[in-house]
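So the structure is just underneath, and the comments pick up after that.
The values are calculated or read from the model by the stated rules, or taken from the named source; none is laboratory data. Here the structure is a predicted model, which is why all the values come from computation and not from measurement. Every residue, glycine as well, gets a Cβ built from its backbone with ideal geometry; the counts of neighbours run over all protein chains shown.
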Amino acid sequence: MRGEKVLELACGPCFWTQFTAAVAESIVACDFNNSTLLQAGHKDLPWERVSLQQADAYDLKTITGFFSAAMAVDWLAHVPYARMHPFLDGLHSVLNADARVVFCDQLPKSEPADGDHDADGNFIVVRQLPDGSRYRVIKHYLSDHQIQDIFGRYDDNVQIIRFPNCRRIIVSYHIQNG
Ligand SMILES: C[S@@+](CC[C@H](N)C(=O)[O-])C[C@H]1O[C@@H](n2cnc3c(N)ncnc32)[C@H](O)[C@@H]1O
């Protein structure tokens, strides 16, 4: 993201934004939920280069500006397969023609990960909140094959880097055929 004009999706309270902001030229950080943006607003960010905007990642028509890159952390893993390409096509449509796109997600705690699949093939995990309520949440742990299957149509050279020590995976590509 160094030197880039970044669109960050699903930024939450801007935990990662604060690090990206140290190297990016500018960031428009978006989230669907205003409550998270409110928290982000209290952070000590370089506000002359960072702005917050409420936006639905599946419907980015309210987003305007020139973006040479896009990123999202802990977002892609929650996108239902049925919405994956509409989401990516919508994202690419608001970016510069050869923009770099970076998704960072988690690696599973165990192999194979605990969970089951729904009828559409989405991997489902159960999340328990501190109040004891339990939710079924889509959480993909994508294989290289699945990643190529999703992103190969946009770039012939999709990069996949896994960081087992911190249980992270980074997928990045340049829009070529978007
Ligand atoms: C797992 S959190 C990740 C937040 C942040 N990227 C981070 O890593 O700290 C997922 C975020 O997606 C946001 N979100 C959920 N649905 C969304 C949507 N349709 N469009 C944009 N953001 C959405 C939630 O509000 C939440 O902040």
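On inspection, Ala29 qualifies as small (Gly, Ala, Ser) and free of Cβ contacts under 8 Å to residues at least 60 places away in the same chain. Here Leu52 qualifies as within 13 Å of the ligand (Cβ to nearest atom) and either in contact with a Phe, Trp or Tyr (Cβ under 8 Å, 6 or more places away or on another chain) or outside any helix (DSSP H, G or I) (or both).
In region 139-149 there is at least one residue matching the filter, namely being surrounded by fewer than 11 Cβ atoms within 10 Å (Cβ to Cβ) and more than 21 Å from Leu9 (Cβ to Cβ).
In region 42-57, the residues that are farther than 13 Å from Cys14 by Cβ and in contact (Cβ under 8 Å) with a residue 12 or more places away in the chain reach residues that are assigned to a loop (DSSP other than H, G, I, E, B) and within 16 Å of the ligand (Cβ to nearest atom) with C-beta atoms within less than 6 angstrom, at least six apart or across chains, in these pairs: Ala55/Thr62; Ala55/Ile63; Asp56/Phe32; Ala57/Leu9; Ala57/Ala10. Of all residues assigned to region 146-154, none qualifies as being in a helix (DSSP H, G or I), hydrophobic (A, V, I, L, M, F, W, C), within 15 Å of the ligand (Cβ to nearest atom) and within 24 Å of Ala29 (Cβ to Cβ).
Residues in region 101-124 include at least one that is over 26 Å from Met1 (Cβ atoms), touching a Gly at 6+ places or on another chain (Cβ under 6 Å) and either modelled with pLDDT of 95 or more or within 16 Å of the ligand (Cβ to nearest atom) (or both).
The listed residues are Ala21, Ala70, and the only one of them that is of a type in the set (Gly, Ala, Ser), closer than 30 Å to Asp120 by Cβ, away from the ligand (no atom under 11 Å from the Cβ) and at pLDDT 95 or above turns out to be Ala70. Please determine whether any residue of region 16-26 is surrounded by fewer than 20 Cβ atoms within 10 Å (Cβ to Cβ), closer than 23 Å to Phe151 by Cβ and touching a residue at least 40 places away in the same chain (Cβ under 8 Å). Yes, region 16-26 contains a residue that is surrounded by fewer than 20 Cβ atoms within 10 Å (Cβ to Cβ), closer than 23 Å to Phe151 by Cβ and touching a residue at least 40 places away in the same chain (Cβ under 8 Å).
Could you check, for region 71-91, whether at least one of its residues is farther than 23 Å from Gly12 by Cβ and in a strand (DSSP E or B)? There is no residue in region 71-91 that is farther than 23 Å from Gly12 by Cβ and in a strand (DSSP E or B). Give the residue that is farthest from the ligand (Cβ to nearest atom), with candidates limited to residues of region 24-41 that are more than 14 Å from Ala55 (Cα to Cα) and in a loop (DSSP other than H, G, I, E, B). Here the answer is Glu25.
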